[in-house]
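Presented below is the structure to which this report refers.
The values are calculated or read from the model by the stated rules, or taken from the named source; none is laboratory data. Since this is a predicted model, take the numbers as computed values, not measurements. All Cβ positions, even for glycine, are placed from backbone atoms using ideal geometry, and neighbour counts span all protein chains on display. Areas reflect the complete protein model, heavy atoms only, side chains present, ligands, DNA and RNA absent. Shrake-Rupley method; radii C 1.70, N 1.55, O 1.52, S 1.80 Å.
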Amino acid sequence: MHRLALDHLTAIDTTPIQLVQAARAAGCDGVCLFMEPMDVLPLMPQFDIYADSTVRMELRAAMRDLGVTLDLAYPFTLAGRTDIATFATAMECAAELGAGLINALLYDRDPARRVDRFGQFCDMAARFGLPVGVEFYPPSQVPSLAAALDIVEQIGRPGAVGVNVDLLHLMRSGGAPAELAAAPAGYVLYGQIADGPAQAPESPDDEASSNRLLCGGGAFDVAGFVQALPINCPLSVEIPRNHAVGIETTAERVTRAVESVRCALA
């Protein structure tokens with residue numbers, strides 16, 4: 001049985017502690033956590049684990065008691081005017097929570113500056129003992145697996161700086177599991193699983209953040225994707241179904257998502 005983590009988007013209506021509890025109830029051993037609410041995710045409840053040390057301590061205790069780890073921490077978004085120093089608090093918190101990886105999305109339109117700033121970001125992460133995964137996303141300035149592998153190669157720290165590969169983004173960027181299987185050793189650090197229709201919808205942002213399909217409900221080769229990842233590559237269940245919020249309970253949505261992945265990989 002594959003070890004799975006529960007992505008916060010799958011349980012969008014949870015606080016960090018509730019996410020950890022939902023993960024354990026569904027048989028997941030890890031979580032991918034948004035460490036702060038975002039305006040673009042209005043269904044996410046308000047919380048503050050940066051300033052509220054009590055909440056942070058309670059989260060650490062819940063993770064310890066339930067045997068759930070923080071696999072991946074969001075959000076780290078680098079744009080043209082981003083000041084890398086502003087990430088210090090988030091990185092400190094991620095390190096305190098034992099994050100296995102922090103996730104970076106790159107939107108800087110200037111190619112040279114994009115690489116330079118990302119290198120600075122990776123330098124800061126290294127000081128906190130945090131590996132970095134760059135997530136390629138078609139609307140971003142790292143739109144494909146090839147582009148992500150290129151920037152990781154320029155940074156030159158295999159195993160410490162690599163790619164977070166979301167199956168949805170792989171398919172929507174025109175990629176395939178065979179391309180993933182050919183990636184150099186140490187360049188792919190994480191895999192995120194969802195299904196989707198063969199035909200992309202009009203709004204890629206809405207699909208990615210709010211409306212993915214349960215595995216088996218779409219056209220993606222979920223098993224082939226996992227087989228193309230490095231052996232023992234960490235995996236998460238990232239299947240937001242916001243239309244079901246208020247119709248299905250959080251536990252029901254999470255269970256359906258996790259079980260669909262397990263069935264696809266059986």
Q | the chain, dipole about Cα centre (Lys/Arg Cβ +1, Asp/Glu Cβ -1), debye to the nearest 20 | A | 420
Q: Can you list which of the trypsin sites (Lys or Arg not before Pro) found in region 61-119 are DSSP loop residues with at most 13 other C-beta atoms within 10 Å?
A: ARG81, ARG109
**Q.** Volume in Å³ per residue [convex hull over Cα atoms, computed for region 127-266]
**A.** 123
Q) Cα centroids of region 137-205 and region 7-57: how far apart, whole angstrom? A) 24
(Q) How large a share of the accessible area of region 72-163, in percent, is made up of carbon and sulfur atoms when the probe is 1.4 Å and the other protein chains stay in place? (A) 49
Q. Taking Cα centroids, how far is region 212-266 from region 107-128 in Å?
A. 31
Q: Run through every distinct alpha carbon pair of the chain and return the Kirkwood hydrodynamic radius in angstroms, one decimal place.
A: 18.4
Q. Accessible area per residue of region 27-66 at 1.4 Å probe, in Å²?
A. 55
Q) Per residue, how much accessible area does region 132-215 have with a 1.4 Å probe, in Å²? A) 37
Q) Antiparallel DSSP bridges in the chain: what percent, to the nearest 5? A) 5
Q) Among LEU214, LEU149, LEU41, which one shows the biggest mean-square fluctuation in a GNM of the chain, springs joining Cα atoms closer than 10 Å? A) LEU41
Q. Over region 1-125, what is the percentage of antiparallel beta bridges among all DSSP beta bridges, to the nearest 5?
A. 0
Q: Divide by every residue of the chain the summed helix terms, -39500 (n - 2.57) for each DSSP H run of at least 4, and state the resulting mean residue ellipticity at 222 nm, rounded to the nearest 500 deg cm²/dmol.
A: -11500 deg cm²/dmol
Q. What is the projected area of the convex hull of the Cα atoms of region 51-157, averaged over all directions, in nm²?
A. 7.2
Q | Rounded to 5, the percent of DSSP beta bridges in region 131-261 classed as antiparallel | A | 15
Q.
What does the C-alpha gyration tensor say about the overall shape of region 194-266? Classify as rounded when a/c is under 1.5, otherwise prolate if a/b is larger than b/c, or oblate.
A. oblate
Q. Under a 5 Å amide H to amide H cut-off, with H placed in plane at 1.01 Å, what residues pair with PHE34 once short-range neighbours are removed?
A. HIS8, TYR74
